[in-house]
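Here, each number is a calculation from the coordinates, and none is a lab measurement. Quick caveat: nothing in here was measured; it's all calculated off a predicted structure. Counting neighbours? That spans all protein chains shown, and the Cβs are built from the backbone with ideal geometry, glycine included.
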Amino acid sequence: MSNEKGKQLWGGRFTGEADPKFAAFNRSFDFDRRLVAADVRGSVAHCDGLLRAGVLNPAEAEQIKSALSRILAKAQSDSSYLNDATAEDVHSFVEARLIEMIGDVGRKLHTGRSRNDQVATDLRLWLREEIDGTIGSLAESQTALLDLADANREIIIPGYTHLQRAQPVLFAHWCLAYFEILGRDRARLNEVRRRVNVMPLGSAALAGTSYPIDREAVAHALGFDSVSRNSLDAVSDRDFAIEFAGAASLIMMHLSRLAEDIILYSTTEFGFIELSDAIATGSSLMPQKKNPDAMELVRGKAGRIFGHLQSLLTMMKGLPLAYNKDMQEDKEALFDTVDTVKGCLLITAIVLRNIRVSEARARDAATHGYLNATELADYLVRKGMPFREAHEMVGRIVVQAIEMGRELNKLTLDQFKAFSSLIEDDVFEALSLEQTVGTKSQFGGTAPDRVGEALVIARKSLE
Ligand code: ARG
């Protein structure tokens, strides 16, 4: 009766047909079919579990596994195979094809299993792989940052606080800042992966299974680190998806900040970098324009991912244990999160490989606007003045320099001496751009030697 095309696999209880509009509303196959490989993989491992439990004999298990592998091969080679307007979800699709192929033996596969533990297992298998891919993409963006830093080792840019020129830093130091940020994202994904990699299969619908299935062996076959300890929890837990969306939100927030820096730095007003034609667009109206659309899209897409995180949290918050159909809504949010993050990481790496840095513009900006004022205060401290006093005095020197329309190192020694006899001829050297950067030589600072070391360590960490 059940499992002919168009019939539901839960049909026995029902005499009436589903309203077609409801059936369409209820379906998830149009989006969850991308879990087909995970679903087949889980089914093969479950089949072996049933074999070891004595539920299936070796011939039956072979028949089932060979049919499953044919189903997967077809799904992967012929996309029209998955165009089934009647399948409710990926689990019913695979089971229906199995029964079509091998008849009654196929009807045994669902023993001791529910779609509830199946879908949780599929999602975890699928997400685990996507996490590995995302970690790889993060590493690629990190490599691109290191290459960009290496290609521009000497360049100094203004560093900002409050988007006001603050102190000069090496451009490579800026690159390494984002390297650190993305490194934390990688570490975070590895953490999330640990909690993703727990197997719910064997929880059946909610209460666990009565068949003597060796869950540890099934988990081992599927590459899970462990099995879930509580069946009610296992089928109703989507923390792993929410955690991923949380980690993805941080990645997107970071990419968006990087995008914002790149967008700003490529304006005529800043002019520190230029994007190559390969990743910029023009204007249909204004002939002179070169727009950073790639980075604007990355910045814009961050909002989508924050939204998915919110959707998942809100979808789960009112659900009584255990499985509820609301949870079918997890997939589109999770799938789009993965697709969007992967796409944004890919584009970010490409943009980073298409940046030309303008040394002259960066240097000009870094030497105008009193970015060496802190250095002058530090100079006075080295000569014996308490920092608070030095800070106050340099403030007054800056006011005078502004009135004279000069940078600090363009004042005369006499003008300096009018403020403090501690200031001597060596002040000009101290105020140079190279010195200002070079003195930040403690661990974590922007002195060229430190940055050089940091680059070496960073490279090694990627190996
Ligand atoms: N398509 C469903 C989902 O994604 C699979 C689990 C359905 N289970 C059930 N008892 N209706 O959540």
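Below, the figures for the structure above:
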{"read-out": "Taking only Cα atoms of the chain, radius of gyration then Dmax in Å", "value": "30.6, 102"}
{"read-out": "For the stretch 49-204, convex hull volume per residue from C-alpha positions, Å³", "value": "190"}
{"read-out": "Ser283 versus Lys21: modelled label distance in nm, points set 7 Å from Cα along the beta carbon direction", "value": "4.9"}
{"read-out": "Nearest-20 debye value, the chain charge dipole, Cβ charges on Lys, Arg, Asp, Glu", "value": "720"}
{"read-out": "Ratio Rg/Rh, restricted to the stretch 207-325 and using Cα atoms, in which Rh is the Kirkwood radius", "value": "1.25"}
{"read-out": "Links that overshoot a 23 Å alpha carbon limit, given the list Lys383/Lys410; Lys301/Lys331; Lys108/Lys325", "value": "Lys108/Lys325"}
{"read-out": "Rounded D (µm²/s) - the stretch 398-463, Kirkwood Rh over Cα pairs, Stokes-Einstein at 25 °C, 0.890 mPa s", "value": "172"}
{"read-out": "Positive-pole candidate from Ser77, His110, Trp126, dipole of the stretch 49-155, charges at beta carbon", "value": "His110"}
{"read-out": "Angle between the chain longest axis and helix 293-317 axis [Cα atoms, degrees, rounded to 10]", "value": "50"}
{"read-out": "Prolate/oblate/rounded call for the stretch 135-233, Cα gyration tensor, a/c under 1.5 rounded", "value": "prolate"}
{"read-out": "Degrees, to the nearest 10: 387-404 long Cα axis against longest axis of the chain", "value": "70"}
{"read-out": "Cα-centred dipole magnitude for the stretch 309-463, charges only on beta-carbon of K, R (+1) and D, E (-1), debye, nearest 20", "value": "240"}
{"read-out": "Relative packing of 407-420, 118-131, which averages over residues the other C-beta atoms within 10 Å, highest first", "value": "118-131, 407-420"}
{"read-out": "Under-5 Å amide H pairs with Ile156, H placed in peptide plane, nonlocal only", "value": "Phe171"}
{"read-out": "Shape call, the stretch 1-91: gyration tensor on alpha carbons, a/c limit 1.5", "value": "oblate"}
{"read-out": "For the stretch 280-418, convex hull of alpha carbons as volume per residue, Å³", "value": "269"}
{"read-out": "Reference-scaled alpha-carbon Rg (2.2 N^0.38 Å with N residues) for the stretch 348-463", "value": "1.32"}
